[in-house]
Every structure is written in structure tokens, then in C-alpha cells.
1. Nearest 10 degrees is fine. How inclined is helix A:114-124 to the longest principal axis of chain A, computing both from alpha carbons?
2. Would you please state which residues of segment A:76-119 a label at C:Glu251 would reach in this model, taking the label point 7 Å out along Cα→Cβ and a backbone N cut-off of under 14 Å?
3. Under unit Cβ charges (Lys, Arg +1; Asp, Glu -1), what dipole magnitude, rounded to 20 debye, does segment B:1-85 have relative to its Cα centre?
4. Go ahead and collect, in residue order, the members of segment A:256-275 whose backbone nitrogen is under 17 Å from a label point 7 Å along the Cα-Cβ direction of D:Phe90.
5. To the nearest 10 degrees, how steep is helix B:169-187 against the longest Cα principal axis of chain B, on a 0 to 90 scale?
6. Rank-order C:143-152, D:114-123 by packing density, defined as the average count of other C-beta atoms within 10 Å over each peptide's residues, highest first.
7. Run the simple label-point estimate for C:Lys291 and A:Arg136 please: 7 Å along Cα→C-beta, distance reported in nm.
8. Given Cβ point charges of +1 (Lys, Arg) and -1 (Asp, Glu) and nothing else, what value in debye, to the nearest 20, does the dipole of segment C:8-299 about its Cα centre take?
Amino acid sequence: MKQENSCVLEHRLYQGDYRLLKLSAPLIGPLVQPGQFVHVKIPRLEQAVLRRPFSVFKADASGLSILYKTVGKGTAALTTVADGEPVNLIGPLGTGFPTAGNGKTPVLVAGGYGNAALYLQAARLPVKGVAFFGGRTSGDVLCVDEFEALGWEVRIATDDGSLGRKGFVTAALDEWLAEQESGVRSQGAGGGEQNETFQSLELFACGPNAMLRAVGDRALAKGLTAWLSMDRNMACGVGACLTCVIKRKTAGGWEWARCCKDGPVFNAEEILWED
Amino acid sequence: MKQENSCVLEHRLYQGDYRLLKLSAPLIGPLVQPGQFVHVKIPRLEQAVLRRPFSVFKADASGLSILYKTVGKGTAALTTVADGEPVNLIGPLGTGFPTAGNGKTPVLVAGGYGNAALYLQAARLPVKGVAFFGGRTSGDVLCVDEFEALGWEVRIATDDGSLGRKGFVTAALDEWLAEQESGVRSQGAGGGEQNETFQSLELFACGPNAMLRAVGDRALAKGLTAWLSMDRNMACGVGACLTCVIKRKTAGGWEWARCCKDGPVFNAEEILWED
Amino acid sequence: MNKPDLKVRIGSLEMKNPVTVASGTFGYGPEYAGLVDLDRLGAITVKGICTEPHVGNATPRTFETAGGMLNAIGLPGPGAQGFIKKYLPFYEKYSVPLIVNIWGKTVEDYSRVAEIFNDQARIGALEVNVSCPNVKEGGALYGTDVNLFRTVVDAVRVRTQKPLIVKLAPNVADIKVFARAAQECGAEAVSIMNSYPAMAIDIETRRPQLANRTGGLSGPAIKPIAVKLVWEAARAITIPIIGMGGIYTPEDALEFIIAGASAVAVGTASFTDPSSAVRVIEGVEAWMAAKGIGSIAELRGTVQA
Amino acid sequence: MNKPDLKVRIGSLEMKNPVTVASGTFGYGPEYAGLVDLDRLGAITVKGICTEPHVGNATPRTFETAGGMLNAIGLPGPGAQGFIKKYLPFYEKYSVPLIVNIWGKTVEDYSRVAEIFNDQARIGALEVNVSCPNVKEGGALYGTDVNLFRTVVDAVRVRTQKPLIVKLAPNVADIKVFARAAQECGAEAVSIMNSYPAMAIDIETRRPQLANRTGGLSGPAIKPIAVKLVWEAARAITIPIIGMGGIYTPEDALEFIIAGASAVAVGTASFTDPSSAVRVIEGVEAWMAAKGIGSIAELRGTVQA
Ligand SMILES: Cc1cc2nc3c(=O)[nH]c(=O)nc-3n(C[C@H](O)[C@H](O)[C@H](O)COP(=O)(O)OP(=O)(O)OC[C@H]3O[C@@H](n4cnc5c(N)ncnc54)[C@H](O)[C@@H]3O)c2cc1C
Ligand SMILES: Cc1cc2nc3c(=O)[nH]c(=O)nc-3n(C[C@H](O)[C@H](O)[C@H](O)COP(=O)(O)OP(=O)(O)OC[C@H]3O[C@@H](n4cnc5c(N)ncnc54)[C@H](O)[C@@H]3O)c2cc1C
Ligand SMILES: Cc1cc2nc3c(=O)[nH]c(=O)nc-3n(C[C@H](O)[C@H](O)[C@H](O)COP(=O)(O)O)c2cc1C
Ligand SMILES: Cc1cc2nc3c(=O)[nH]c(=O)nc-3n(C[C@H](O)[C@H](O)[C@H](O)COP(=O)(O)O)c2cc1C
Ligand code: FES
Ligand code: FES
């Protein structure tokens, strides 16, 4: 975890409502693990006391980049930063995705900026699998080519059917999971091996809470491991203020876990969803 | 008085610490009288609730310009506005300089941005006279060429002697006034006419308070009319909040007068200086 | 899309929309008349007036702070008769309701100024300022000591038939006590809040930034404090609340109304942008129309809290 | 240019410079250790702790406002024993003085937690939070009712020999009453101010932006309120004041010291920029050196007001 005065290397419309912001970050860049985020002091937004968290899309010694969507005053102000302008960062923050278990087949599920948050994971996982991407419309489905170029099979669902199948990404996932389960069952002779193949699936998800919960529920129902990257309002970003908590199951009940420090990635098993 | 969404036509370093900002202002520009000011909402300074007042340097249908110096956070933010950016203005505000009396010979005295504030007056006065400009150093003495081009005789004093005579502008003025007074006296035979020539001098001044007071005191001592443009912190700029008041003499004592509405230009006679 | 009904009543005072301006931020009316169509406003509330002319504080009188400003104007003004002569005639050409903010150094002052204004038909309501942080004489205590507070409100109440709006001080441990007292003393409404007692110091000169040493904090900085006070008071009283404190946008005004205010006042925002009050009115109307909300009453106090 | 003497004493607690961090904005210490050299700080003040583990409020717990933020964390924490086990050992490798902020639901809670911590040598002082706006149980009233206030401070005082810092509530009509009471009850210092009770509402959902409905306003927005309270209190008491509320820069800290504070705390600023506290320390030292001011005592309370 470092605080770094980075500077804008590239800033442009990426796709749909998303912009790509690439920052020089010689200190932070090389440290980033998949699923971690940076806490950004938005330049020129002087009346704002809080930073804004963004998942790291790509990172190496040449810099780190984020993909962001304008949703409020902070992200709106961010759109005005220019090449060369300084941007103060804290990062890398949080506990990101673990690598897939030995012999596991990774499955990615993403919506919105989740695609960006999963890119490093996709790039660094030793085994490639299937990636499910959802979005309201085709413009919301980011980085398909890049995931394909990494060797992932990408399956897309959009609410309006403008790209891929029409409907929620979880419907696409359901269908595929059912295929896997039954496909394996119908192929194999006994039960043991097929089950093992299906059980080798390991899910990594990032996106809206409702999607994460749906993915988590499916995984738990089918006995699969799922890692969910949770999006929670944050203040400090480093575990000090206890703003970003979610309920984590314990033996006796639950305890607060901080998305910024203990997460944002949690095992679906751990999460006690609130309604 | 209008509120107008103007837009930046030109913005550049002018001289020394001063920048020139030219704004389109088809509504306000043509209305400006010498000595009036505009109240500027500084773009991008969202945490600031107050506008900043600036004298109008030049104005016509093609736009309106101000000359400003960076002294605090508002003017610092102003330096970052770019061509084409919108800037909200209220103006023209205040009661500016009267034109010189009939048969009067105008004398201008200015320091700092006062030169800018007096330019329109210099341009529009039917008779040209002598202009005394002061500044800390040569970089602070603005627009000398422009005043000369208008037909004014310019006399300069700088604190460090880097331009014109060394010392306060009031010392230069004193010397010249003494010359005028005695010159006239020694030339003429009786007393009546010379006195009239000297008495025809009418002073118009804008600059730091200490300078204004010195100019006012001299004028009063010598029975001359002096118009002083006062600089006072302002909030509303339109006479509503009673922030910008100075003491104006009345028959019985004094009353508050608002620099933004009743001024900024006052007859030296009216002003009750506080210490 | 039907036009929503924006009307609000404060006793006999009818406002065609719930937006007035905050006392002291809009002068006596004429000052902004060149920039703002005064008849668009729900009401105009003028700067605080006392019986006699008053000089107010020395300068500097205002200072800008983060998201707000301090003021210690100190209630200079022409006095009751001066106001009647100098400013009331101006209102003949306007139909906008007029609220006059009054204050005094003594309880007697309060009742005298109320009495003087009681005869003036053009004045629609009196707003009793018991909470000015910037005059040494009584002012501050009248707003924070509930017994003195009652004394002032009672004294004014017996001298006027005009609707009485009592302007509460924010710097109290429990605003409900004062809101209830105002209601019990027969006020038609309360207004919440006055600027918050505050201070800034120039570290180079080691002098306060205001000649009066302390002043009142206003502007967006205090909005969350004001919303809380309005919300609390709304649950304690049945008379209307005029909410204010950092209102800049239609959304800000709606926030106060949803918290429990019947009307709102735009204050410091007029300095930043004189068109603020009219923008707020238009925005509130458009928002309500878009949501199909028929009237302010349907919206008022509907916070799910 | 001689190095100025930045040392400050709060009873037996020695701070090598007058800058601590505000309780609740710096966790328990370890959280910022990767970004801030903890031993540079005058002291660390940790998040409020009560006898037993406490879960605090539901989420959302914070909300950004103009020049500030609301929080209603609700004092979740590991309890006194949990803190001792989980966090005290961390401080073995640091020399920075440790101030523990304590709170309770009952007077008995306060005295118990004070007693538990009294034995812990690593703890340099206790800050008694009688002013948390975000717990329903007692908390708020202990800070605004001077009799309850005295009861709490007395109860804590008899159970601990450690320096006692009483953290005052800002939402009172007269801070001097509480500052004096703290001094009379034997506190070594007061800290001013806690966040200010406030609220924000989402107009679309008509729900408060915080799960707890109301929260505390902190950040630059409240600085002028805090400076005023410190200035007033400083003229009423002789024990040191730790000033806080929107301190971001060395100039802010100096403003509080000139107003009358002996020390200051950096709070919300750490969220904006974790290096704030260290920047403040360095800047205060540099400013004093440049002006030839030899010590904090020379500067404290020198406002010409
Ligand atoms: C771990 C993490 C990773 C994220 N990664 C990305 C990313 O890669 N790309 C992207 O576009 N967005 C990402 N987000 C969401 C992003 O932080 C918000 O969109 C952003 O904070 C909104 O700020 P705003 O000022 O524009 O919105 P406003 O609504 O004006 O913000 C007001 C406040 O709410 C907070 N807030 C609002 N929405 C969110 C949100 N969804 N999550 C957290 N805080 C929020 C802001 O931080 C701020 O404090 C991520 C969030 C988290 C927690
Ligand atoms: C009628 C009038 C005409 C002016 N014309 C010019 C001009 O042509 N060119 C120019 O460079 N400056 C001019 N000034 C001064 C200019 O308004 C200030 O320099 C400017 O407001 C400083 O703002 P800031 O935010 O940079 O400074 P800060 O000190 O950060 O401002 C803080 C507050 O103090 C006020 N303030 C600070 N200095 C002054 C000042 N000297 N006068 C009034 N308010 C002040 C600001 O408006 C603001 O409210 C004029 C002032 C007045 C009253
Ligand atoms: C410059 C100024 C002058 C004020 N004068 C008065 C006054 O005369 N009487 C009064 O009751 N309130 C006065 N106020 C308080 C405002 O009416 C209002 O209550 C406060 O500013 C909060 O609203 P705002 O944040 O929208 O400005 C004044 C406020 C300002 C900024
Ligand atoms: C997120 C957060 C949590 C806080 N928790 C506590 C606390 O546990 N105990 C306490 O006494 N004050 C707490 N406070 C109040 C601060 O210590 C401080 O008094 C207040 O925030 C004003 O300072 P600031 O404006 O510099 O933040 C908290 C403030 C914030 C913002
Ligand atoms: S954001 Fe502060 S603990 Fe997570
Ligand atoms: S600035 Fe408001 S009256 Fe002059």
C-alpha cells in the first residue's frame, strides 16, 4: 500500500459511457494483484472530502489504468482531467481474487465495470475458462476482444438483446452450468468423475450486488466455490473508518468485514446478505 | 445590470503578475461606464460561495476584458480557465467615474489594477491630461503605451525605481501639483486666473486604500475635486448584503455607503476614513 | 402532466410557491429587482429591522469559508419608520407577499416594532429574529434560553394580528423545545435555521477575519445541520416550518420539504447566483410534475425515517 | 532559524508535537501504518471503545456533503478486552503516545471501561466521548445536559489516574458551561469538537442517506464552528484544549492554536489525504521557525479578540 502522486498518461472515451484513464504509477503499478483497487483523489473537486475507489483494469511498471463510468459528481469531475495532470492515488488496496485452486476451471461473471475488475485475473490465471459478461445494452459490455485475445471463451447477455443473448447474465450462466452438470452426467458412466469435473468450476464475479448475490446463491446451491468482489461506499479505503462493512458469517453468527481491507473479494460462503 | 453567461474569448499573461481575460458579453459590454465592475463567478471553484469583483478594463459590443492579478484562491482558479469556457457575470455594477466637469483638466492616479480601472475613463474623457501610475516595480505598471496612445501624458513612479522615478506615486503627484500651483502663480499677475487654472484640475484615482487616502487628502487640502474608486470585500455586489460599506459623511455625522452600489467611486469629500 | 399545486399558506399569508428568500441575503427588495423577477417568488423576506435606525458592525463583515461564508453584518438598517418610508412604496408595483424580519435589543423593542408594522397592509407576515448571532444585545440569548424566548414571542404576539414566523437559533441542544414553545405562544410558523455562530482567524495578523470577531456560518456547509433540525422540529410541531440553510438547487429545496418543511428560503445562494431562487422554484415544479406529485402537502415530511 | 519547541503536555501525557488524529478517523493505528510514519505524530487517538464488543450501525454509514461528510458509524468495536488483546501489542514497536477514546451506554459502562484501561501502561490518556451523535443510548444527552455530563466525568475520574480528556458536544447553547464542568470535575483537558448532528435525505427514495437516519457532520465545512467553540472555551478554562474540526493544513492547525487550543487533531483530512497529519506537523514547525516563534505556548490563544 503506497500513496503516490501519479500523472495522467492517457485519458479517453473507451466505450459507451466508460472512459479509460491511464496513470503513471511506478510505485503502485507493479504491486497490483487482480481484484485490488486504487483510491483516487479526484483532481479539481475541492469540496469533496472523500476519494473514489476504482478497480485496477491493467497494471504494470508502465502505469496502471482504470475504466470508469460517469455516475455522479466525482466521476463527472474526473472526465475533465487532462494529459499530464497530477492525480493522487492510494493503492493497491484490498484483498483481491485468489488464483484458481489447483485443477480448477475458472469461470468469470461480470457486469458493468466488473469486466475491468476481472481483466487482470483473467490475464494472470494459469488456466483459461469461460467468461460471462452482462450489461444493459451492447455499449456496457466491455473488453470482449481483450478477454478473447487472452484465450477466454466469452458469453454475453444484454438486457435489451443488442449483443449476445437477451436477458440477465445469470440466465446465461444458469443455462451453461446446467449444461455442464448434465453434460458431464450424460457423458460419464458412474457419478464420481463427472461430479468432480463439475465441481472443478470456480467462479470469480464482479458486478452489481444483485448479480453477485445471484451468482453466490447458485454457487452455494451447487457446491461450487465463488469469489465475489463487493462494491460498497467507502471513505478511508484502508480499513480505518468502518464505512464499507458487510456481514461475514462466523461460527456463532456474524461479524463486520471491511470491503476495503478484508475484501472487496469475499468467498460467497462467507457473506451474510442483508435485504 | 444584467446576469450573463459569457464565454472566454482570450486569456493570457498580460504583464508581470497580471493576466488579461476577455469575455464575450453582448448584454453587459455595451452598458459599461468607466469605473464600473463585473462580479464574476469563478469557474471550477465550486466550494466558493462568493463571486469576485473586477473592474472592467475595456468593453464594447465585441466583449469585455479585465486585468487581474493572482492574489488568492479565486484568482488562482481563474488562471486555469480556457478559451471557450463559460463564465457567469453580473454587471455592469456600481456607480463609476463621472465625466470631468466642464473646463476641468483631468488627472489620473493609479496603482496596481487601478490602471485597468481607469482605462475606460481615460478613453472616454473628452479632454486628456496627465496620468500618474505607481507600482512596486516596473512589472506592476500596466498599460502605459495604451494611455499614451490615447493622448495622455504618463508619469511613472515605482517603489524600486525600476521604472520612472523612485518612490510613491503620490510623491510624483505632489511634486507636479506643486509645480502647477506655483507655475501658475509665477506666470500670472493677479491671483484669480492662476487659481482658476489650478482649480480646474480634477483627480480620478484607483489603487490601494493608502494611496487613495493620500490622493484624497491632497485634493481636499488644495480644494480640488477627487474621485476615488474604493476596493472593499464584497459579497452580493448589488447592494443587498451590506458587506462592502464605508463611512460617508452626512450633515450630522456619517452613514454607511455601499461600495458596490453607491460606489465604488466616491468624491473624496464624502469619505470618512477610518484608521 | 398536470401543473402541481405549489401553494403554501402561513396563517393568512398565501405564497403561490414555497420559495422565499432568506432575510439579509436579499436586501429590502429593490437591490435584486434588476436581476430577478420578484413576482416569481413565493414571498420576499427583507433584512432584519428594529424600531430605530441601527448602524450594525464595523467592517470586515463577511468572510468566505469552505462551502460557506461567515457574516457579522450586525443588522444595520433604517428602522421601522425608515423602512416604511423608504421601501414599502416600492412594493406597490409588485404582488409578491412581503415578510418583514424584525429584531430588538429588548423585549420592548420587539413588541414596538411589531406594533408599528401591524398597521401596514402591504406586510404579509413578520419573521421574528431571536437568533441573530451578531448583535451583542440580548439577540443570541433570546434564541437559546427558552424562557426569554417565550417572553419575546408572547410580547410580539399580543401586538400583531399578522402571521408570526419565529426564526429559531440552531445552536441549541434540542430544537424541539423551541419549536414547541413557538407553537404554544401562538406563532403561525417557525423558520429554521439562522446562520451558525462561528469564527475565522487570520493567522498572520492574529486577528479575527470579522470586525465583530464572530459571525454566522451560512451556505452549503450547514445544509445537513439545517435538514436535521427541520426534520426534528417537524415531528414536534404542527405549524409550518420554513426551512433554510445552504439551499442552492431544486433538489436541496425538495430535501427540506421531504424532511418536513412547508416552505424554504434561498439565502447565500443568491450571492453566488441571483437566479437561484427562481431556478429552485422552476426545478421544484418540474420535478413534482415529472413525478406526478400534485401538491407540496403530498410531499411534505414524507421522509421514511 | 532555531527549531521551535513543539512539545505539549496534557497532564502526564507528553506529546512531542501538538498534532494527534481524531478518534474514529484513524482506526486503531495499524490501518494507516503503511502510509503514515506513526511515530511522527504527537499522539494517536484510536476509535471509541466501550466495555463490551459493539456492532454499531447498519450501512450506509457515511455520506459526502459540501465541504464535509456525515458519519453514523455507531461505534462498532472490539470492546475493552478485545482492544487490549488485538491492538495494544501493536504499539510495542512504536513510541507514539496513545490516547484511547472511550464511551458507554450507561455511566457504569464509562467507569468500567476507564477502570479496565487504567492498568494498561501503554495507554497515555483517555478521551471520554460524551458527545457521539450516533448512538441512541445516552451518548448524546451526556454531552448536552450538564448534570449528566458531570456524572459521567466524575465516574470516570475516580477510576483512572490517567490524564482525562473530555470530548465536548458542539450542539449546546454555551460551550463554556461544559468546559468549566470538565475542568471542575478534574479533567486534564477537553477536546472540541465532535462531529455536528446532521442529516441528508435522498429525494428519490425519500430515505435518509444514512441507515442511522442522522449522523455527524465533519470536515472543512465545520471548521469555523469549531474555531469559535475553541476560542470561547479557551477564555473559560485553564486546562488545555485539543481543537479539531476540519483541520487540513498547517494554517488550519495554527488558527486553532491561535484561537486557544494547545493541541489539535486531524480527522476527516486523513481520508482525503493520509499524509495530512504529518504535513500539518511539518508545516506548523516550518511556519513557527520562519516567524521565530519559540514554542506552542507563545502562540496559544494569542488571537487579538
Ligand atoms: C472496490 C470498488 C471498485 C470499484 N471499481 C470501479 C471501476 O473500476 N469503475 C467504475 O466505474 N466504478 C467503480 N467503482 C464504483 C465507483 O467507486 C463509484 O462509481 C464512484 O465512487 C462514484 O463517485 P461519484 O462521485 O461519481 O458518485 P456520487 O454518487 O456523486 O458519489 C457520492 C459518494 O458516494 C460514493 N459512491 C457512489 N457510488 C458508489 C459505488 N457504486 N461504490 C462505491 N461508492 C460509491 C462515492 O464514493 C462518494 O463518496 C468501484 C467501487 C468500489 C467500492
Ligand atoms: C470594485 C472592485 C474592483 C476590482 N477590480 C480588480 C481588477 O480589475 N483587477 C484585480 O486584479 N483585482 C480587482 N479587485 C480585487 C479583486 O476583487 C480581488 O483581488 C479578488 O476578489 C481576490 O480574490 P481571491 O479569491 O483570489 O483572494 P482571496 O483572498 O482568497 O479571497 C477571499 C475573499 O476575499 C475577497 N477579497 C480578497 N481581496 C480582495 C480585494 N482586494 N478586494 C475585494 N475583495 C477581496 C474575495 O472576493 C473573497 O471573497 C477589485 C475589487 C473591487 C472591490
Ligand atoms: C449576509 C447575511 C445577512 C443576514 N442577515 C439576517 C437578518 O438580518 N435577519 C435574519 O433573521 N437572518 C439573517 N441572515 C441569516 C439568513 O437569513 C439565513 O438564515 C442563513 O443565512 C442560512 O441560510 P443560507 O445558508 O441559505 O444563507 C443573514 C445571512 C447572511 C449570509
Ligand atoms: C468516520 C468518523 C468516525 C468517528 N468516530 C469517532 C469516535 O469513535 N469517537 C469520537 O469521539 N469521535 C469520533 N469522530 C469524530 C472525530 O473524532 C472528530 O471529532 C470530528 O470528525 C471533527 O473533526 P474533523 O472535521 O477533522 O473530522 C468520528 C468522525 C468520523 C468522520
Ligand atoms: S472505507 Fe474505511 S474501513 Fe473501509
Ligand atoms: S457587496 Fe453586498 S452590499 Fe455591497
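Every read-out reported here was derived from the displayed coordinates using simple, explicitly stated rules and does not represent laboratory data. Keep in mind the model is a prediction, meaning the values are calculated, not measured. Counting neighbours? That spans all protein chains shown, and the Cβs are built from the backbone with ideal geometry, glycine included.
1. 70 degrees
2. It comes to A:76-77, nothing else.
3. Details: 11 positive and 7 negative charges, 47 e Å.
Dipole about the Cα centre, nearest 20: 220 debye.
4. Label zone hits: A:256-263.
5. For helix B:169-187, the angle is close to 30 degrees.
6. Details: C:143-152: 18.5, D:114-123: 16.5.
Top of the packing list down: C:143-152, D:114-123.
7. Spacing of the two 7 Å Cα→Cβ label points: 2.0 nm.
8. So the magnitude is around 360 debye.
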